[in-house]
Number of protein chains: 2
Amino acid sequence: MKLDQRKRQVLYAIVHNYIQTAEPVGSRTISRRYDLGVSPATIRNEMADLEEMGLLEQPHTSAGRIPSDRGYRFYVDSLLRIPALTKQEITLMKRILSSRMRSAEEIVQQLAKLLSALTNYTAIVLGPRETQVKLRQVQLIPLNDYQLYLVGVTDGGLLLNRMIDIPSGVDAETLESLQRWLNERLAGRPLDQIQTNDLHALKYEMQVSIDLIESVMDELLGSVNQHEVGKVYLGGTTNILNQPEFHDLQKVRAILELLEEDVLVWEAVSQASGDGITVSIGSENPEGVMQECSLVTAEYRLGDGLRGHFGLLGPTRMDYDRVLALVQGVCTTLQQLFNM
Amino acid sequence: MKLDQRKRQVLYAIVHNYIQTAEPVGSRTISRRYDLGVSPATIRNEMADLEEMGLLEQPHTSAGRIPSDRGYRFYVDSLLRIPALTKQEITLMKRILSSRMRSAEEIVQQLAKLLSALTNYTAIVLGPRETQVKLRQVQLIPLNDYQLYLVGVTDGGLLLNRMIDIPSGVDAETLESLQRWLNERLAGRPLDQIQTNDLHALKYEMQVSIDLIESVMDELLGSVNQHEVGKVYLGGTTNILNQPEFHDLQKVRAILELLEEDVLVWEAVSQASGDGITVSIGSENPEGVMQECSLVTAEYRLGDGLRGHFGLLGPTRMDYDRVLALVQGVCTTLQQLFNM
DNA sequence: GTTAGCACTCTCCTAACGAGAGTGCTAATA
DNA sequence: TATTAGCACTCTCGTTAGGAGAGTGCTAAC
């Protein structure tokens, strides 16, 4: 879509003003606050044109204009000017995200808090995955006669843990040798390359019940499976309540109920995200409350192939400038921290 | 406080009716729905008495009465009749809470979901603690030159995991022997009985840097410390939105913000809970939004000394009958499941 | 092509009003 | 003496009407 310079200015002014005030923007406001050098009447004509092009909307006949989803899209694609972050913000990020933390889980939790605090929107962080999972160590810990506890640590420092039912008649020694075998054979080897052949070999080698081996391997593979829905970390869930567009209990309920469903959130974010930073605006989102929201997503990396997605969820009237700046900032900060 | 039979009936009727309808209860309503055998005028006199005693309140002159916090207190202490659970509810509980789950964490998560689904209030479950923590196994897994990963499994099946900084100059062998020592000495022994003596012995025995030992032990002890704030699991956070008393964005925000702060929630629940089932009504709670809520808490046990607290948070106009029945039911169900 | 002027439209706020629900008091009743 | 019927009174809530304010679209002049 092509727009002449003045139309771009008018659209920019409306989006910019509406993002700040949440009030429909009138022609007089624009001519007062933005120096376009033309009168309100001229601006009104431009506004009528922009509305016809589907970039603006009018809540009712005698109100100012607000951007449509397509208007935001044009803004994000062509008008946006990403501001620089302040030094304080950068230092804060570095401090909060520094790897001197207890686990990847904690970093990710902090990331959610950080993002929500800095933006006043809701932050969503999908638990980290490894691009290629290699086990560092596996432990089979018998809990009682019919259950054992499988604990695995991956190369990236992720923790896998599952309870497994033991077929009757498996003794501690068997478990121990199975554990030794697993550690010898699996350590450092990409998990998804384990073939059923290996398992059959194991069966003969070890005389271990194939049931047990299969459940152990199933859990192991299952828990690292890329397609599975992992943990979801949220930050600033209540921030939506600050947005005037959500001063309505129905909407608040809808969005909070959505956020309570890890599966839905996971899917929404993973579907929205692509390479680099992604912006998904209003109706571009899957149907439901999400259509009144915008979602900015990106990929984070915690070194060693440990990676995941995160996003910021706000109203379509989101402060894209700032959000994009912060998302970019977080990505590069993490990169810096984890390449040292 | 003593009340004659008729006053008790009137108070019961008002609390009972108000819990169901959330509307102030008038004298006519009572005489119609509850068979007290007297006219509205008589009931009005009783109501005036009950108000003077501080058990009822009047939102405004020409409205019906609603129970005061003290009124609810009297109801809970003296008038309550706990109903029996239906067979379906009991089966559901057994199914959901059956120990055929992957970990204690998952049981606890399910518990939160179950409680909130059955009651339509918000469920809070504090992560399980062990009365006396004994380690079953410890592993020290080097991640890189300056960090290791400490993973411990307790007798009760709890998972402890912490990242630990390594003082420079510690090699893999040292770690391995430290790990062996820890497993030999700590396995099955109550952790809180470890004395600094043992650590000094270890220092000489092993020639390991005391720094390292200390950080490992600190983390180990710290992560099981009874006073520390642990994980908080919530269920049905949005359920409060169903309550008419929270059809007000200010209140909703206040309570949701509270629920976002694990520390506050943990403290509120642990402070409220005592032996057995506890009910904390409105102003009996710590100041803030909680004063408009009631909290029913109890202790759960997952066998083997693994235990914690859980609670249900709702408006003071909470359905105490049902909530108490369910809380009781959950406790006994868990007992049955984990004593098998 | 741009602008001033003006009639018109729509929202939002406030005040007024009546219906409805419930009380408290008084006087009659069992 | 305890209970009840009757009634005036109070307060909320929903509806309606009117006026201020903001902004538009159109027309005609520049």
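The values are calculated or read from the model by the stated rules, or taken from the named source; none is laboratory data. Note that this is a predicted model, so its numbers are computed, not measured. Methodologically, a virtual Cβ is constructed for each residue, glycine included, from the backbone with ideal geometry; neighbour enumeration extends over all protein chains shown. Only protein heavy atoms, including side chains, enter the accessible area calculation; ligands, DNA and RNA are left aside. Shrake-Rupley method; radii C 1.70, N 1.55, O 1.52, S 1.80 Å.
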| said: Quick check on my filter: what residues within region B:26-36 are in contact with a helix residue (DSSP H, G or I) (Cβ under 7 Å, 6 or more places away or on another chain), over 12 Å from residue B:9 (Cα atoms) and open to solvent by less than 40 Å² (accessible area, probe 1.4 Å)? | reply: B:27, B:29
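The rows are residues; the columns are (1) among the acidic types (Asp, Glu); (2) away from DNA strand C (no atom under 16 Å from the Cβ); (3) in contact with a His (Cβ under 6 Å, 6 or more places away or on another chain).
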| site | (1), (2), (3) |
| --- | --- |
| B:35 | yes, yes, no |
| B:55 | no, no, no |
| B:80 | no, yes, no |
| B:109 | no, yes, no |
| query | Quick check: is even one residue across region A:6-28 out of contact with any Asp or Glu (no Cβ under 9 Å at 6 or more places or on another chain), modelled with pLDDT of 95 or more and more than 16 Å from DNA strand D (Cβ to nearest atom)? | reply | yes
| query | Of all residues in region B:159-190, which are aliphatic (A, V, I, L, M), more than 13 Å from chain A (Cβ to nearest Cβ) and without any contact (Cβ under 8 Å) to a residue 40 or more places away in the chain? | reply | B:178
| field | Identity of the residue in region A:65-80, open to solvent by 50 Å² or more (accessible area, probe 1.4 Å) and of a type outside the set (Gly, Ala, Ser), that ends up nearest to residue A:280 (Cα to Cα) | value | A:73
| query | Among the residues of region A:246-272, how many are out of contact with any helix residue (DSSP H, G or I) (no Cβ under 7 Å at 6 or more places or on another chain) and either within 9 Å of another protein chain (Cβ to nearest Cβ) or of a type outside the set (S, T, N, Q) (or both)? | reply | 8
| task | Could you list all residues from region A:37-48 that are near DNA strand D (Cβ under 10 Å from one of its atoms) and either modelled with pLDDT under 95 or out of contact with any helix residue (DSSP H, G or I) (no Cβ under 7 Å at 6 or more places or on another chain) (or both)? | result | A:41, A:42, A:45, A:48
| request: Please note which strands (runs of 3 or more DSSP E) are completely contained in region A:109-184 and include at least 1 residues that are in contact with a Ser or Thr (Cβ under 7 Å, 6 or more places away or on another chain) and buried (at least 18 other Cβ atoms within 10 Å of the Cβ). | output: A:122-126, A:135-144, A:159-165
| request: Scan B:22, B:63 and give me the residue that is of a type in the set (Gly, Ala, Ser), near DNA strand C (Cβ under 10 Å from one of its atoms) and more than 14 Å from chain A (Cβ to nearest Cβ). | output: B:63
| note | Picked from region B:81-105 (must be of a type in the set (Ser, Thr, Tyr) and closer than 30 Å to residue A:149 by Cβ), the residue most open to solvent (accessible area, probe 1.4 Å) is B:91
| Which residues, counting only those in region A:117-154, are more than 10 Å from chain B (Cβ to nearest Cβ) and small (Gly, Ala, Ser)? | A:117, A:123, A:127
| note | Checked region A:49-64 for anything surrounded by 13 or more Cβ atoms within 10 Å (Cβ to Cβ) and near DNA strand D (Cβ under 8 Å from one of its atoms); matches are A:51, A:58, A:63, A:64
